[in-house]
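Asker: I have a structure I would like to understand better, so I am pasting it below and will then ask my questions one at a time.
The values are calculated or read from the model by the stated rules, or taken from the named source; none is laboratory data. Computed from a prediction, not measured in an experiment: that's the story for all the values here. No Cβ is skipped: glycine too gets one built from the backbone with ideal geometry, and neighbour counts run over all protein chains shown.
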Amino acid sequence: MERLRVPARLDGLRILDIGPWNGFFSFECVRRGAAEVISLGPDDPDATGYNKTLALLEIDNCKFTRASVYDLLPEKHGSFDMVFFIGVIYHLRHPLLALDRIFDVCKNRLFVDSPVIDTTVYDKTITNDLKEKILKANTYINQLPMLYFTKGAETGDVYNWFMPNSEALRGMVESSGFQIDNYHRDCHDWASMSAIKKHRSFTIGIEGWSPEAASRLD
């Protein structure tokens, strides 16, 4: 929470915690005075310990919504003063879609963290010799925004999909309409950031019909 620079008090705020697992961040936001917390994820809150902890803490303003981040809609879920997107983005097959959905429901601030590949090779299927060559090349490669794609269990976790370097992680968040005002990467290649909602710099539906592209055919 300190690395993310989460305020000590969240009085009166409505919070969204995406991928809450056992609810640590959700319940900490309640402790800091949040008026309402929605914990949203695909997990079973009975299996993760979320519901048991909720009952033990006797919290009544925190609710688990079993859904996907891709399903976030303002008309369905409302808007949130702050969104926590902690330990989730690298587990997603469509990380930019998730950030676009978050932008739609976020009113003010976004918190994100993720492992990054700046000085770490997470692929366990390649030789140590190749890992060393990749790490040496990273001095130059990581000046570009890069994502490592894992299609299976190459990292030891079949639920990993894309692992970014710092440039890519920052770029994805910024391209989705947020302005980063705090970024921290620790010695274990884990990055944390906070960002303010600003404006999208792309056109929604850009993958569809492009009159501009067609005009260049003349």
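Asker: Out of Val88, Val69, Val37, which single residue is crowded, with 17+ Cβ neighbours inside 10 Å, farther than 23 Å from Val158 by Cα and hydrophobic (A, V, I, L, M, F, W, C)?
Answerer: Exactly one residue qualifies, and that residue is Val37.
Asker: While we're on this one: Any idea which of (1) in contact with a helix residue (DSSP H, G or I) (Cβ under 9 Å, 6 or more places away or on another chain); (2) in contact (Cβ under 8 Å) with a residue 24 or more places away in the chain; (3) farther than 17 Å from Phe111 by Cα is the one Ala98 doesn't satisfy?
Answerer: (3)
Asker: Anything in region 91-117 that is over 24 Å from Pro7 (Cα atoms), surrounded by 21 or more Cβ atoms within 10 Å (Cβ to Cβ) and either of a type in the set (Asp, Glu) or in contact with a Ser or Thr (Cβ under 6 Å, 6 or more places away or on another chain) (or both)? List them, or say none.
Answerer: Matches in region 91-117: Val116 only.
Asker: Against the condition assigned to a loop (DSSP other than H, G, I, E, B) and under 20 Å from Asp186 (Cα atoms), how does Thr139 come out, does it pass?
Answerer: Considered against the rule, which asks whether it is assigned to a loop (DSSP other than H, G, I, E, B) and under 20 Å from Asp186 (Cα atoms), Thr139 comes out as no.
Asker: Then there's this: Among the listed residues Phe24, Phe80, which satisfies the condition of being within 30 Å of Leu147 (Cβ to Cβ), crowded, with 20+ Cβ neighbours inside 10 Å and aromatic (Phe, Trp, Tyr)?
Answerer: Phe80
Asker: Determine, yes or no, whether Leu54 is out of contact with any His (no Cβ under 7 Å at 6 or more places or on another chain), modelled with pLDDT of 95 or more and buried (at least 16 other Cβ atoms within 10 Å of the Cβ).
Answerer: Yes, satisfied.
Asker: Which one of the conditions (1) closer than 21 Å to Leu96 by Cβ; (2) of a type outside the set (D, E, K, R); (3) in a loop (DSSP other than H, G, I, E, B) does Ala153 fail to meet, given that it meets all the rest?
Answerer: Result: Ala153 fails condition (1) only.
Asker: What is the residue count in region 112-156 for residues that are acidic (Asp, Glu) and in contact (Cβ under 8 Å) with a residue 60 or more places away in the chain?
Answerer: Count: 2.
Asker: Give Lys198, Lys151, Lys136, Lys124 a once-over and let me know the one that is in contact with a strand residue (DSSP E or B) (Cβ under 7 Å, 6 or more places away or on another chain) and loosely packed, with under 15 Cβ neighbours inside 10 Å.
Answerer: Lys198
Asker: Right, another one. In region 1-19, how many are assigned to a loop (DSSP other than H, G, I, E, B), touching a residue at least 60 places away in the same chain (Cβ under 8 Å) and not hydrophobic (A, V, I, L, M, F, W, C)?
Answerer: The number of residues fulfilling the criteria is 3.
Asker: Suppose we keep only residues that are basic (Lys, Arg) and assigned to a strand (DSSP E or B) within region 48-70. Which one would you say is farthest from Val83 (Cα to Cα)?
Answerer: Here the answer is Arg66.
Asker: Within region 19-40, how many residues are within 17 Å of Gly78 (Cβ to Cβ), out of contact with any Ser or Thr (no Cβ under 8 Å at 6 or more places or on another chain) and not acidic (Asp, Glu)?
Answerer: 3
Asker: Among the residues of region 90-136, count how many are in a loop (DSSP other than H, G, I, E, B) and either within 30 Å of Ile38 (Cα to Cα) or among the charged types (D, E, K, R) (or both).
Answerer: 7
Asker: Further question on the same structure: Among the residues of region 15-47, write down those that are over 20 Å from the mean Cα position of the chain (by Cα), small (Gly, Ala, Ser) and closer than 16 Å to Met1 by Cα.
Answerer: Selection gives Gly33, Ala34.
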